[in-house]
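Structure record follows, encoded as structure tokens.
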Amino acid sequence: MFRRSRRIALISALAAAAVVLSACAGSPEPEATSTGEPDPDATLAVGLVLEPTNLDIRHTSGAALEQILIDNIYEGLVTRTEDNQIEPRLASDYEVSDDGLTYTFTLNDGITFHNGTALTSADVVASYEAVRTDATLQGNSDFASIASITAPDPATVVIVLTEPNQNFLFALTGPAGLVFQTGDTTDLKTAENGTGPFTLTRWNKGSSITFARNDAYWGEAAGVAEVEFQYIPDFTAGVNNALDGGVQVLTAVDPNLASQLEDSGNFTLTTGRTTDKATLAFNNAKAPLDDVRVREALRLAIDHEGLVEAVGAGSTLYGPIPELDPGYEDLSDVVSYDPERAKDLLAEAGQEDLELTLTIPAFYGTTVPKVLISDFNEIGVTLEVESVEFPTWLEDVYSNHDYDLSFVLHVEPRDFGNFADPEYYFGYDNADVQRLYTEALTEVDPEASAELLAEAARLVSEDHAVDWLYNGATITAVSHEVTGFPKDSINSRINLAGVSVLSEK
């Protein structure tokens, strides 16, 4: 058996982060220029873009919920760091059997829910059994391979799988793995009863959500007394709010507006890595995109470096796995910017005067479509852009597969399985990819699993199943009086327990 203690996992995660960050270009970590000391009574004001429709993370999907609730309000047995390394949370440590089937978790001492009730292993079992048996709960499909969940004693949880699943622990870092009080009747749409370092104090819908420090927290106390999330969907308004002192941290800064914050002298800008994959989807099941020559031609026509420059943040990505996920490999050797070769391929496919429609959710703006129109025009492809509301995109593109090309940001980590599902809206069907993905999931050794994923990812890119326009990055403006604010992956979660606000001297 192999064991993962909190200390060992933390050291491993920090070491991995140091290696990756040392090789990653971008803005430096924010450094406090105030000479004050951390103020435990301070309020931290954070500007966000997307407000949740409700707070029920058990029944409602969406990054807006995970971003603020996981690790701050609710906790699971394990969690993940900014660079997607898994570490214990409610569990002090865990063991995985050599065959990859049995997971044994030992709970930390003194954990209580926000209403004062002590957490025991029975709460974990009840929470996970609910996810396993109730298809309406988030993460139900992630628990399909669970054979049993038991609590041998109040501090131990044992989960047995029917087959090894390399992604199981990672699934426990999401909504599926959160622990709720058995029999609790809290209306989770508007209230909460978690175990985290913060509690919910108020929600002014359409405006802000406020957390307060949980002084009875079982772990290390949060560094600020209060956090106010201000929801500002207009990017210009967000910058103006920050410049006026309304927020000390502004996330999702528009690259075109970033200089205003930097020039003010009051903020440090950080560029954070994400698993966001800006995906130009090809309908592989529909002519002429069922012809690999046409798909390759479209990829060859795109000046990816120029597109990244136009977007203003991010990096090139030539395959389905971003740097923060297992199995990443630089696949820039698969395709390059070569309009002349693209024209030749279209001629071979009998598609010299090709007309295609790009269906795009309206909130993504016009930058990407304008670049694609220009690049495709150079190879004789006429691109018509159809901008639609997101519910329409979900129905027409995602559900009905009625489209030629589409553009959407796939933000989920470890979502390679989309390419192993021929029913997914890409319409991509490759038996070798499906086999390799299944082998990767059931492979017990993480390194061997990653190698299988890399092999499958190369096949997907060589098939030109879609084009990955860029790997997204997030620009965050952090006031000099704020320390410890996360940098990477903050579009999916912001762990605020280690953030402090310095007092003025």
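Which order do VAL158, VAL397, VAL371, VAL249 fall in if you start with the one that has the fewest other Cβ atoms within 10 Å? Intermediate results must be reported in sequence, preceding the final value.
Values: VAL158 16, VAL397 24, VAL371 20, VAL249 27.
In order of increasing Cβ crowding within 10 Å: VAL158, VAL371, VAL397, VAL249.
State the antiparallel share, in %, of DSSP beta bridges confined to the chain, rounding to the nearest 5. Walk me through the intermediate numbers first.
Working: 59 of 77 bridges.
Among the beta bridges of the chain, antiparallel pairing accounts for roughly 75 percent.
Looking only at the stretch 201-228, which residues have a backbone nitrogen under 12 Å from a spot 7 Å from the Cα of THR190 in the C-beta direction?
Answer for the stretch 201-228: 203-205.
Given a cut-off of under 8 Å on Cα pairs at least six residues apart, what relative contact order in percent is computed for the stretch 274-473? Show your work: numbers first, answer last.
Values: 385 pairs, mean separation 78.3, N = 200.
Relative contact order for the stretch 274-473 comes out at 39 percent.
What does the charge count around VAL125 come to, taking other residues whose C-beta lies under 13 Å from its C-beta (Lys +1, Arg +1, Asp -1, Glu -1)? Numbers along the way, then the final one.
Working: positive: ARG132; negative: ASP123, GLU129, ASP153.
Result for the neighbourhood of VAL125: -2.
At LEU50 and ASN400, where each label point lies 7 Å from the Cα along Cα→Cβ, what is the point-to-point distance in nanometres?
Placing both labels 7 Å beyond Cα along the Cβ direction yields 2.4 nm.
Explain nothing, just the number: relative contact order of the stretch 91-248, from Cα pairs under 8 Å at least 6 residues apart, as a whole percent. Present the calculation step by step, with values, prior to reporting the outcome.
On the way: 250 pairs, mean separation 29.6, N = 158.
Relative CO of the stretch 91-248 lands at 19 percent.
Within the stretch 85-115, what residues put their amide N at less than 15 Å from the label point 7 Å along the Cα-to-Cβ vector of ALA122?
The answer is 113, whose backbone nitrogens lie closer than 15 Å to the label point.
Distance from the Cα centre of the stretch 376-440 to that of the stretch 221-278, in angstrom?
After rounding, the separation between the Cα centres reads 31 Å.
Which angle between 0 and 90 degrees, to the nearest 10, do you get for helix 6-22 versus the longest principal axis of the chain when only C-alpha atoms count?
In the chain, helix 6-22 runs at an angle near 40 degrees to the longest axis.
How much length is gained if the chain between ASN256 and ALA212 is pulled fully straight, taking 0.36 nm per residue apart and subtracting their Cα-Cα distance, in nm to one decimal? If you can, show how the numbers build up before the last one.
Details: separation 44, 0.36 × 44 = 15.84 nm, distance 3.38 nm.
Length gained between ASN256 and ALA212: 12.5 nm.
Hey, which of these cross-link pairs are over 28 Å Cα-Cα: LYS205/LYS370; LYS189/LYS277; LYS277/LYS487; LYS286/LYS343?
Details: LYS205/LYS370 35 Å; LYS189/LYS277 30 Å; LYS277/LYS487 18 Å; LYS286/LYS343 20 Å.
Those over the limit are LYS205/LYS370; LYS189/LYS277.
How far, in degrees from 0 to 90, does helix 121-133 lean away from the longest principal axis of the Cα atoms of the chain, to the nearest 10?
Result, in degrees: 30.
With θ set to phi - 60° and the Karplus curve 6.51 cos²θ - 1.76 cosθ + 1.60, what are the ³J(HN,Hα) couplings of the stretch 267-276 in order, to the nearest whole Hz, using x for Gly and Pro?
10, 9, 9, 10, 10, x, 6, 9, 9, 5
In percent, what relative contact order does the chain have, based on Cα pairs under 8 Å that are 6 or more apart in sequence? Provide the component values of the computation, followed by the final result.
Numbers: 1097 pairs, mean separation 112.4, N = 505.
After rounding, I find 22 percent.
For P(r) over Cα pairs in 10 Å bins from 0, in percent, which listed value, (1) 4, 16, 22, 19, 16, 13, 7, 2, 0, 0; (2) 4, 18, 28, 26, 18, 6, 1, 0; (3) 4, 20, 32, 27, 13, 4, 0, comes from the coordinates shown?
Among (1) 4, 16, 22, 19, 16, 13, 7, 2, 0, 0; (2) 4, 18, 28, 26, 18, 6, 1, 0; (3) 4, 20, 32, 27, 13, 4, 0, the one calculated here is (2).
Can you give me the angle between helix 339-348 and the longest principal axis of the chain, using Cα atoms only, in degrees from 0 to 90, rounded to the nearest 10?
Its long axis makes an angle of about 60 degrees.
Given labels modelled 7 Å from the Cα in the Cβ direction, how far is it in nm from PHE363 to ALA63?
1.0 nm
Once you have the Cα-Cα distance between GLU389 and THR150, take 0.36 nm times their residue separation minus that, and quote the gain in nm to one decimal. Write down the numbers at each step before the final one.
On the way: separation 239, 0.36 × 239 = 86.04 nm, distance 4.52 nm.
The span from GLU389 to THR150 would gain 81.5 nm if fully extended.
Bear in mind that the values in this text are calculations on the coordinates, not laboratory data. Nothing here was measured: the structure is a model prediction, and the numbers come from that model. All Cβ positions, even for glycine, are placed from backbone atoms using ideal geometry, and neighbour counts span all protein chains on display.
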